[in-house]
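Asks: Please find one structure pasted underneath; my questions will follow.
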Amino acid sequence: MFGALSTRKNAWAIGVLACLALLPVDALATEGPALPAKPPGSEQAPDAVAFYHFMLGYQHELNNAAGEAEAEYLKALARDPNSVAIHLRLATLYHAQGAHDKAQAHADAALAQDKTNLQALLMLASVAVAAGRSERAIELYERIVALWPQEAQAYFSMGMLLSGLKRYDEAEQTIRRGIAVSQTAAPTGYLYLGHILVEQKAWDRAVQAYRDALASNPSFEPAYLGMAATLEAKGDTAQAIAVLRKVLQEVNKGNREARQRLVRLLLTQKAYEPALALLREAIQESPDDVEAQLRIGLIYGELKDYVKAIEQIKLVLVLRPQELRVRDHLAY
């Protein structure tokens, strides 16, 4: 194999492989916290050919060529069957394809080599979730947080699984454990907590959870959207509108979801002019926004400005001739 690389044309490859051979394949394991140091004497001499195939596989994976990536990873694995990194890349690849049995097999193989490997444990938990085995996934997340107590996302994932099983008290406690170990992850944790409380229709507590998320990160848009949805659900439309306006005026004027929700709420209040202003902004940003164009036509209809309504709906037909809803409105 290396003889084929010995020509002047491929001299660069020899230099690259010489450098790469100084590193073990496991240096390219999936990203995560630093792993515990391996015991002295446990390191194996790196296999340059395995590393070469691993790099080819990784490049194919980056290019979304899953079949080619798999083939190269398997060649690397044949040279280095105990490599944690190769097993983890294959597990990730198979999991993305929905081949969960294969993903689990490679994650198990990685874990056999390193019993505290965070990525392998997370992969096994993810496979369990995909297979609908919530209790098994919860067991794995408990194992993860025992080994890696600062891994906030593991608490959050476990909390959402508990919520799905309607074990709400445990879910809330678990989410709060995750918030406690990571200030950086606190906004996300409070967001999850808000979702859990919404599921229980504990509207006021959910709103407070979203406020806590925003106290940690005032620009956290998902928390604003969650709060607005909760306020709407509890019947406080005026406050929901105020929250959505704040998103668009102070946080991100280009937030399309916030704009769409705000338009819908304004229309329920028959606040047609403010809704029209928002829809015109949407069209200014994206002239082919058919939904915004159609809503403008419908608002003109509500205002009994039928000439403008018909002109607007005809414009939508130009943009999307197959739009049956528009034809229905014209026929009406």
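The values are calculated or read from the model by the stated rules, or taken from the named source; none is laboratory data. This one's a predicted model, so the numbers in the text were calculated from it and none came from an experiment. Neighbour counts are summed over all protein chains in view; Cβ atoms, including those assigned to glycine, are modelled from backbone coordinates with ideal geometry.
Asks: Quick one: count up the residues across segment 53-94 that are touching a residue at least 40 places away in the same chain (Cβ under 8 Å), assigned to a helix (DSSP H, G or I), within 14 Å of Gln119 (Cα to Cα) and not basic (Lys, Arg).
Replies: The total comes to 5.
Asks: Contact list please: Cβ distance under 9 Å, first residue in segment 239-251 and over 15 Å from Arg264 (Cβ atoms), second residue hydroxyl-bearing (Ser, Thr, Tyr) and crowded, with 16+ Cβ neighbours inside 10 Å, pairs at least six apart or on different chains.
Replies: Partner pairs satisfying both residue conditions: Lys246/Tyr224; Val251/Tyr224.
Asks: Next up: I'd like to check something: does segment 127-134 contain any residue that is without any contact (Cβ under 8 Å) to a residue 24 or more places away in the chain, surrounded by fewer than 20 Cβ atoms within 10 Å (Cβ to Cβ) and farther than 25 Å from Glu68 by Cα?
Replies: Within segment 127-134, one or more residues are without any contact (Cβ under 8 Å) to a residue 24 or more places away in the chain, surrounded by fewer than 20 Cβ atoms within 10 Å (Cβ to Cβ) and farther than 25 Å from Glu68 by Cα.
Asks: Taking only segment 258-270 into account, find how many residues are loosely packed, with under 15 Cβ neighbours inside 10 Å and at negative phi.
Replies: Looking only at that region, the number is 3.
Residue by residue, here is whether (1) out of contact with any Phe, Trp or Tyr (no Cβ under 8 Å at 6 or more places or on another chain); (2) more than 26 Å from Ala209 (Cβ to Cβ); (3) aliphatic (A, V, I, L, M) holds:
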position	(1), (2), (3)
Thr92	yes, yes, no
Lys102	no, yes, no
Ala105	yes, yes, yes
Gly132	yes, yes, no
Leu147	yes, yes, yes
Tyr190	no, no, no
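Asks: Still on this structure: Would you mention how many residues in segment 71-88 are in contact with a His (Cβ under 9 Å, 6 or more places away or on another chain), buried (at least 24 other Cβ atoms within 10 Å of the Cβ) and among the small types (Gly, Ala, Ser)?
Replies: So the answer is 1.
Asks: What pairs can you find where one residue is in segment 275-299 and over 15 Å from Asn255 (Cβ atoms), the other is not in a helix (DSSP H, G or I), and their Cβ atoms are less than 6 Å apart, with a gap of 6+ or different chains?
Replies: From segment 275-299, the pairs are Ile283/Asp289; Val290/Arg320.
Asks: Only residues that are touching a Leu at 6+ places or on another chain (Cβ under 9 Å), surrounded by fewer than 20 Cβ atoms within 10 Å (Cβ to Cβ) and of a type in the set (Asp, Glu): list them for segment 170-199, please.
Replies: Once the filter is applied, which keeps residues that are touching a Leu at 6+ places or on another chain (Cβ under 9 Å), surrounded by fewer than 20 Cβ atoms within 10 Å (Cβ to Cβ) and of a type in the set (Asp, Glu), segment 170-199 yields only Glu170.
Asks: A follow-up question, please. Filter segment 95-113 down to the residues that are touching a residue at least 24 places away in the same chain (Cβ under 8 Å) and hydrophobic (A, V, I, L, M, F, W, C), then identify the one that is nearest to Gln59 (Cα to Cα).
Replies: If we take residues in segment 95-113 being touching a residue at least 24 places away in the same chain (Cβ under 8 Å) and hydrophobic (A, V, I, L, M, F, W, C), then Ala96 is nearest to Gln59 (Cα to Cα).
Asks: Based on what the data block shows, is Ala110 surrounded by 21 or more Cβ atoms within 10 Å (Cβ to Cβ) and either over 19 Å from the mean Cα position of the chain (by Cα) or more than 23 Å from Glu199 (Cβ to Cβ) (or both)?
Replies: yes
Asks: Let me ask you something else. What number of residues within segment 136-154 satisfy the criterion of being without any contact (Cβ under 8 Å) to a residue 24 or more places away in the chain and among the acidic types (Asp, Glu)?
Replies: Final tally of qualifying residues: 2.
Asks: Condition check: within 29 Å of Val207 (Cα to Cα) and modelled with pLDDT under 90. Does Ala292 satisfy that?
Replies: No: the conditions fail for Ala292.
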